[in-house]
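Down below is the structure, laid out as structure tokens.
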Amino acid sequence: MPTNKMILNRGIKYLSWALPAVFIGPTVIHFAFINKQQPLFPLLLGVGILIGFIGILLIFKGIMTIISSLKD
């Protein structure tokens, strides 16, 4: 069963972008909850949630891309 290496590389790139997002998102959320009295609390919390959600989506897209490269 041949593997489409171009699609496999694209999936690995998605996963490599997801790795920092998965660590940075919770860090920003934690930093936002430490500084609840600061005026930027809602902004930092929103950015942290967005980064974490993007990381989860990139993981899903990367795994699906790698699986599709193995099927073709």
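Suppose we filter the range 1-21 for residues that are in contact with a Leu (Cβ under 8 Å, 6 or more places away or on another chain), modelled with pLDDT of 95 or more and among the hydrophobic types (A, V, I, L, M, F, W, C); how many remain?
Residues meeting the conditions: 4.
Could you list, in sequence order, the residues of the range 11-44 that are open to solvent by 60 Å² or more (accessible area, probe 1.4 Å) and either farther than 17 Å from residue 55 by Cβ or assigned to a loop (DSSP other than H, G, I, E, B) (or both)?
Passing the criteria: 33, 34, 36, 37, 38, 39, 40, 42, 43.
For the range 45-67, enumerate the residues that are exposed (fewer than 15 other Cβ atoms within 10 Å of the Cβ) and under 30 Å from residue 7 (Cβ atoms). Lay out the reasoning, then the answer.
Taking the range 45-67 as the starting set, the residues that turn out to be exposed (fewer than 15 other Cβ atoms within 10 Å of the Cβ) are 46, 50, 53, 56-57, 60, 63-64, 67.
Selection gives 50, 53, 56, 57, 60, 63, 64, 67.
Going by the conditions given, is residue 70 open to solvent by 70 Å² or more (accessible area, probe 1.4 Å), part of a helix (DSSP H, G or I) and touching a residue at least 60 places away in the same chain (Cβ under 8 Å)?
Numbers: open to solvent by 70 Å² or more (accessible area, probe 1.4 Å): yes; part of a helix (DSSP H, G or I): yes; touching a residue at least 60 places away in the same chain (Cβ under 8 Å): yes.
Yes; evaluated as a whole, the condition is true for this residue.
The values are calculated or read from the model by the stated rules, or taken from the named source; none is laboratory data. Here the structure is a predicted model, which means the values were calculated and not measured. All Cβ positions, glycine included, derive from the backbone under ideal geometry; neighbour counts span all protein chains shown. Accessible surface areas use protein heavy atoms only, side chains included; no ligands, DNA or RNA. Shrake-Rupley method; radii C 1.70, N 1.55, O 1.52, S 1.80 Å.
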